[in-house]
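Below: the structure, in structure tokens.
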Amino acid sequence: MSALNVTQKLINDHLIEGELIPGKEIGIKIDQALLQDATGTLVQLELEAMGLDRAKTEVAVQYVDHNLLQTDFKNADDHLFLKSAAQRFGLWFSRPGNGVSHPVHMERFGKPGKTLVGSDSHSCAAGSLGMLAIGTGGLDVAAAIAGEPYYVKMPQVMGVKLTGKLPAWVSAKDVILEMLRRHDVKGGVGKIIEYYGDGLQYLSAMDRHVIANMGAELGATTTVFPSDEETKRFLKSQTREEDWIELKADEGCEYDFHDEIVLDELVPLIALPTSPGNVVPVSEVAGKKISQCVIGSSANPGLRDFWIAGEIVKGNAVHPEVSLDINPTSRQIIQNMIDIKTFGNLITAGARYHQSGCMGCIGMGQAPASGTISLRTMPRNFPDRSGTKDDQVHLCSPETAAASALTGKITDPRDLEKLYHMKYPEYVDPEIHIINTEMLVAPPEDNENVELQKGPNIKSLPHIEELKDKAEVPVLLKMGDNVSTDEILKAGAEVLPFRSNLPEISKYAFTVIDETYYDRALKTKDEFGGHIVVAAENYAQGSSREHAAIAPKYLGQIAVIAKSYARIAWQNLVNFGILPLEFENLDDYDKFEQNDTIKFKNLRSSVKNRETIKVEIIKENGDSIEIPTKHTMSDRQIRVLLKGGIINDFKEKLN
């Protein structure tokens with residue numbers, strides 16, 4: 001066999017169906033599964049609907065890190081439900097407050113050479129350990145837990161060579177921001193990003209986590225790093241050295257695409273509102289007044305990230321008009337922060353501490369003041385995600401955030417040498433970290449008699465009907481490029497508590513784009529039996545939340561017609577029986593208007609036989625146009641879609 005890169009080795013070792021031909025569907029064996037609570041409630045309800053007895057993966061973990069605010073009974077009820085479901089289906093359970101799923105999983109469960117799927121788009125962070133880790137919709141995760149292969153179109157592999165060493169005041173966040181500056185939020189679509197080169201020796205495992213985590217913002221299928229001596233050092237620090245294996249690319253291996261980053265040449269970078277791809281040097285926007293800095297989340301979760309912020313503010317006070325918010329990654333990280341004096345340095349300087357969880361990253365608290373700038377070490381700054389309408393969220397490194405918290409304005413951290421006569425602190429990671437596993441609950445050996453605890457906010461999933469053969473329905477929305485899942489089904493403290501209540505959460509579908517959508521969708525469902533929406537490029541980028549598919553489906557959406565789709569969203573649509581059509585001629589997008597009526601006929605046979613699907617557009621004045629559309633589903637996906645989704649397909653298999 002020819003020389004292989006790390007990605008090809010990982011896929012080859014787990015390949016069940018298909019070949020390593022880019023664009024063709026493959027099925028791979030999954031070793032581990034990760035669930036978080038905002039999407040995990042739906043996964044557990046899907047496992048119930050499937051009739052699963054016990055998880056078939058080597059490891060599956062249910063984390064509670066998103067819905068932590070308990071302003072009423074809803075989230076508390078969800079926590080009880082998730083614990084009972086983890087016990088019922090044989091999953092580990094990470095209790096509320098234990099920590100953010102991705103770094104905790106990396107510390108406690110991640111293993112080089114293994115595969116993982118997670119019901120969170122940032123599950124790709126585990127690629128930092130030499131894993132093939134893919135964020136995807138909850139139904140795909142449920143199927144993997146039930147022992148099914150994970151299906152995905154074989155991506156192309158982009159090799160990114162790292163050379164040199166990061167200069168002072170520049171860190172791993174600036175590496176991924178540089179990738180986003182070059183390639184934007186669509187640059188990784190259909191690709192796996194694999195990093196290699198001599199520069200890796202200067203990037204710790206948690207530095208690699210920072211880079212791998214935000215591969216999701218590039219639109220990449222996942223990010224892969226080799227497993228090397230630095231990986232071994234990290235696992236040893238977590239007292240898991242026995243889980244290490246070496247995994248590196250063969251000499252002479254090839255990549256489909258190439259890029260190179262000379263680390264020495266990087267400068268502090270910042271992503272401006274309202275996209276992670278809107279990246280400029282910090283020096284270009286320095287001096288703008290700010291009101292908030294937030295440090296933490298899965299995008300900067302390492303002990304070093306908090307330590308560097310603590311060293312920068314040590315002996316100084318946070319600017320009186322700035323709130324410096326600290327989201328510690330986990331209880332274990334808190335203990336280590338206390339041990340190395342970081343906790344005290346931040347407290348003394350005036351920082352505010354929050355729960356160990358996602359918090360402001362998903363809009364669960366920490367909303368910034370109206371009309372002010374918030375600097376965050378988080379992965380996303382989509383409109384309204386913070387909980388404040390017309391927010392001005394900027395994404396940056398811990399160095400930039402901490403420096404700006406001192407000065408009260410966006411500050412290039414390199415300027416601290418002049419402003420505060422400060423030398424760049426050199427971090428030395430503890431050889432062995434303090435380990436805390438007290439809030440990890442193992443699955444029981446006997447799970448047969450465990451009953452699911454369902455509070456009044458938890459609703460079982462309704463039956464989804466199979467695809468109709470004909471329809472005459474309205475176009476409820478016409479949207480542009482890069483519509484995010486935050487715009488399709490918003491995040492935040494108001495909405496997240498309804499993640500296990502489909503009728504209620506559906507009321508928030510598309511409200512960021514059009515507040516009338518819900519009422520119009522209900523009306524057209526009654527009058528016409530459903531509706532469609534139309535979009536341009538990269539439809540439904542961002543989160544893995546399958547509520548962005550199932551909520552519109554619940555409201556009668558039968559199809560989407562778009563120029564192109566983000567990977568996870570495209571899979572989610574199929575999984576819930578929504579037809580993802582693409583324009584054969586991209587200019588036909590301009591022929592649609594909101595409130596047009598469209599007519600399908602012979603839909604089932606056209607989908608099954610891969611024929612051109614003709615869409616008749618009927619204008620309000622009665623004129624009509626016919627345009628051709630297509631789909632790119634695999635034979636397996638066609639079967640699933642015709643039956644109304646994966647749950648119906650899986651139940652048929654069981655029977």
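Filter the stretch 362-390 for residues that are among the aliphatic types (A, V, I, L, M) and in contact with a Ser or Thr (Cβ under 8 Å, 6 or more places away or on another chain); which is surrounded by the most Cβ atoms within 10 Å (Cβ to Cβ)? Among those residues, the one meeting the criterion is 375. Scanning the stretch 338-361 for residues that are in contact with a helix residue (DSSP H, G or I) (Cβ under 7 Å, 6 or more places away or on another chain), without any contact (Cβ under 8 Å) to a residue 60 or more places away in the chain, hydrophobic (A, V, I, L, M, F, W, C) and surrounded by fewer than 23 Cβ atoms within 10 Å (Cβ to Cβ) returns 343, 349. Only residues that are farther than 24 Å from residue 411 by Cα, β-branched (Val, Ile, Thr) and in a loop (DSSP other than H, G, I, E, B) were counted in the stretch 349-398, giving 0. Set side by side, the residues 120, 72, 140 differ, and just one is closer than 30 Å to residue 201 by Cα and at pLDDT below 95, which is 120.
Inclusion of residue 561 among residues that are farther than 27 Å from residue 134 by Cβ and crowded, with 24+ Cβ neighbours inside 10 Å is not warranted. In the stretch 155-241, counting only helices (runs of 4 or more DSSP H) that sit wholly within it, the ones holding 3 or more residues that are at pLDDT 95 or above and within 19 Å of the chain's Cα centre (by Cα) span 172-183, 205-213.
Looking at this structure, is residue 13 in the same structural domain as residue 103 (by TED's automatic domain parsing), in a helix (DSSP H, G or I) and of a type in the set (D, E, K, R)? Yes: the conditions hold for residue 13. Could we say that residue 154 is farther than 29 Å from residue 204 by Cβ, touching a strand residue (DSSP E or B) at 6+ places or on another chain (Cβ under 7 Å), in the same structural domain as residue 222 (by TED's automatic domain parsing) and not basic (Lys, Arg) here? Yes. Inside the stretch 104-157, can you point out the residues that are acidic (Asp, Glu) and farther than 25 Å from residue 303 by Cα? Across the stretch 104-157, the qualifying residues are 140, 148. A single member of 38, 49, 55 is farther than 25 Å from residue 297 by Cβ, in contact with a helix residue (DSSP H, G or I) (Cβ under 6 Å, 6 or more places away or on another chain), part of a helix (DSSP H, G or I) and not charged (D, E, K, R), and it is 49.
Of note, residue 432 does not satisfy the criterion of being modelled with pLDDT under 95, more than 22 Å from residue 62 (Cβ to Cβ) and not in a helix (DSSP H, G or I).
Screening 606, 624 for residues that are loosely packed, with under 14 Cβ neighbours inside 10 Å and either among the small types (Gly, Ala, Ser) or farther than 24 Å from residue 535 by Cβ (or both) leaves exactly one candidate, 624.
If I filter the stretch 475-496 for residues that are in contact with a His (Cβ under 8 Å, 6 or more places away or on another chain) and more than 24 Å from residue 79 (Cβ to Cβ), do I get at least one hit? Checked against the condition, which is being in contact with a His (Cβ under 8 Å, 6 or more places away or on another chain) and more than 24 Å from residue 79 (Cβ to Cβ), the stretch 475-496 yields at least one hit. Selection over the stretch 282-301 of residues that are buried (at least 16 other Cβ atoms within 10 Å of the Cβ) and without any contact (Cβ under 8 Å) to a residue 40 or more places away in the chain gives a count of 0. Selection of the stretch 436-454 for residues being surrounded by 15 or more Cβ atoms within 10 Å (Cβ to Cβ), within 28 Å of the chain's Cα centre (by Cα) and assigned to a loop (DSSP other than H, G, I, E, B) yields 436, 439, 443, 452, 453, 454.
The values are calculated or read from the model by the stated rules, or taken from the named source; none is laboratory data. All figures in this text were calculated on a predicted structure; none of them were measured in a lab. Here Cβ is always computed from backbone atoms with ideal geometry, including for glycine, and neighbour counts include all displayed protein chains.
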